[in-house]
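Input: a single structure, listed below in structure tokens.
The values are calculated or read from the model by the stated rules, or taken from the named source; none is laboratory data. None of the values given here were measured: they were computed from a predicted structure. Methodologically, a virtual Cβ is constructed for each residue, glycine included, from the backbone with ideal geometry; neighbour enumeration extends over all protein chains shown.
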Amino acid sequence: KKSRESSVLLENVTKAFEGQYGCEILTAAPHLHLVRGSGPISVAEKGDATSTGDLRLLGLDVPQYAVSGGSARLRCRFTLGNAPLYSVKWYKGNQEFFRYVPSDKPSNKVFAVSGIMVNVAGSDQSSVLLERLTLHSGGTYRCEVATEAPTFKVVDGEGILNVTALPKEGPKIRGAQLHYNMGDTVDIGCVSPGSRPVVNFSWYLNALPPEPMNFEISNLATPTDDGLESSVSRLRFKISDDLFINGTVSIKCVASIPNVYIRSDEKIVHRWSDGAHASTPTKSADDECLSKLISIIRKVWASYR
């Protein structure tokens, strides 16, 4: 009853619970949008944590991946032993951006650092909440914990936050005709809007990856005005009879960014029936755009030959 769609509660925790945990969210058809996130859990023995009287850093939890425009909570897990806390400081690189000193009023203090916006109300001595993430928010983060006199101990730890800018929409297959004859050349592209990092493309014919010896695949990324990179993947092959299943071929393009994004587009093409004649396909604005992209790819190919 204490677990729900956005959280799960683990009880009776032991050392066996330590490890990497992941969350996966998948939307329903037709979008089939998948995002993932992961993070480690470390378990400290309660008796050991206080018996030594020493300050100890149990772990620094920094999300491995976050999305531009979203938020990320960074957790600094420590035990003070018998010493009182003096301060907790947070750094991005070598720049301090948040400080918690319980003896100060107010306890929280924020310092201006490019790419960082702290939700002060959502931050405390053990965690800091970052909001409105941008690509500049990515980098190495460090937590530094110090105790009061007489120990004056300091411990620190660091972790890397990767911020991704996802495409605003899924990939689109361009240039495909509805019908093909035996021996026709299929020359199509899969276009994905700006992102960072660039998406990885995968092609599937009838749910199987194409064999490299019979298919030409090339990818190209182009910088956009907003600092992202749009991507296009070109697939070229000749139609053969063994490709058809019940007179059709499924061509699917998958665009993905590891752990955070996966979207796809699919086209079904048909074999011309006996006695039918192919007609010249009507070109759309999308096909014209694809033609320009393919022209660029051809020039890139030529430069490597």
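Highlighted here are the strands (runs of 3 or more DSSP E) found entirely within the range 59-143 that include at least 2 residues which are closer than 16 Å to VAL154 by Cα: 72-79, 85-92, 95-100.
Residues in the range 144-166 that are within 30 Å of SER192 (Cα to Cα) and part of a strand (DSSP E or B): ILE160, LEU161, ASN162, VAL163, THR164, ALA165.
Residues that are within 25 Å of LEU74 (Cβ to Cβ) and of a type in the set (S, T, N, Q): does the range 171-191 have at least one? No, there is no match, as no residue in the range 171-191 is within 25 Å of LEU74 (Cβ to Cβ) and of a type in the set (S, T, N, Q). For the range 233-270, give me each residue that is more than 12 Å from ILE188 (Cβ to Cβ), touching a His at 6+ places or on another chain (Cβ under 9 Å), in a strand (DSSP E or B) and not hydroxyl-bearing (Ser, Thr, Tyr). Within the range 233-270, ILE262, ARG263, HIS270 qualify. Whether a residue is farther than 18 Å from LEU60 by Cα, of a type in the set (Asp, Glu) and touching a residue at least 12 places away in the same chain (Cβ under 8 Å) was assessed, and GLU158 does not pass this test. So which residues in the range 193-232 are under 23 Å from SER137 (Cα atoms), assigned to a loop (DSSP other than H, G, I, E, B) and in contact (Cβ under 8 Å) with a residue 24 or more places away in the chain, if there are any at all? If the condition is that a residue be under 23 Å from SER137 (Cα atoms), assigned to a loop (DSSP other than H, G, I, E, B) and in contact (Cβ under 8 Å) with a residue 24 or more places away in the chain, then PRO197, VAL198, VAL199, THR224, ASP226, GLY227, LEU228 are the ones that fit.
For the residues GLY189, GLY227, GLY170, GLY157, the requirement of being surrounded by fewer than 17 Cβ atoms within 10 Å (Cβ to Cβ) and of a type in the set (Gly, Ala, Ser) singles out GLY227.
Per the listing VAL128, VAL120, VAL110, VAL88, the residue uniquely surrounded by fewer than 17 Cβ atoms within 10 Å (Cβ to Cβ), within 30 Å of ALA149 (Cβ to Cβ) and aliphatic (A, V, I, L, M) is VAL120. Within the range 128-145, can one find any residue that is assigned by TED's automatic domain parsing to the domain that holds VAL67 and either among the basic types (Lys, Arg) or without any contact (Cβ under 8 Å) to a residue 12 or more places away in the chain (or both)? Among the residues of the range 128-145, at least one is assigned by TED's automatic domain parsing to the domain that holds VAL67 and either among the basic types (Lys, Arg) or without any contact (Cβ under 8 Å) to a residue 12 or more places away in the chain (or both), which makes the answer yes.
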